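A quick write-up on the structure given underneath.
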Amino acid sequence: MTPEAKHLITKYKGAGRKLGIEEAAIIVNNYVTRHELTEYQYGALVSFVDNRGAQAFYQSKLLKIINEDFYPDWELRASKEFDKPCWCVWLGKYNKSMAIRRAKEKRLFLTPLLVVHNVPETKR
């Protein structure tokens, strides 16, 4: 983990302050070590960290699956973690807006990359 990431974790641990996209990206870059992520998976995780915080991500089963799962269906298993009710609680109450956000992050995480092969060049 980079010193920058350690500083962010220490600074905002339990502070209740949103990290911000740039800081959340640093956290994802430093914590995800096992699998290479697609652009969509990366975006979903940055959104999650931005909203729930670095400490929650660091301690989550979501990160554990991403970093330790050797099974071919690791992406599907990890995506199911977005459905957990604990990620939709704010100030001790279920928050529908957070549930909607988690559903969008899950959908983004599972979005396949489209690769176009043999595209003919257009005439100019």
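Computed from the coordinates by the stated procedures, all read-outs in this text should not be read as laboratory data. If you're wondering where the values come from, they're calculated on a predicted model, not measured in any experiment. Cβ coordinates were reconstructed from backbone atoms using ideal geometry, including for glycine residues, and neighbour counts include every protein chain displayed.
Measure off 7 Å from each Cα along the Cα-to-Cβ vector at W90 and L110, then give the distance between these two points in nanometres to one decimal.
Rounded to a tenth, the inter-label distance reads 2.4 nm.
Starting from the amide H of V89, placed 1.01 Å from N in the peptide plane, find each other amide H under 5 Å away whose residue is 5 or more places distant or on another chain.
N95
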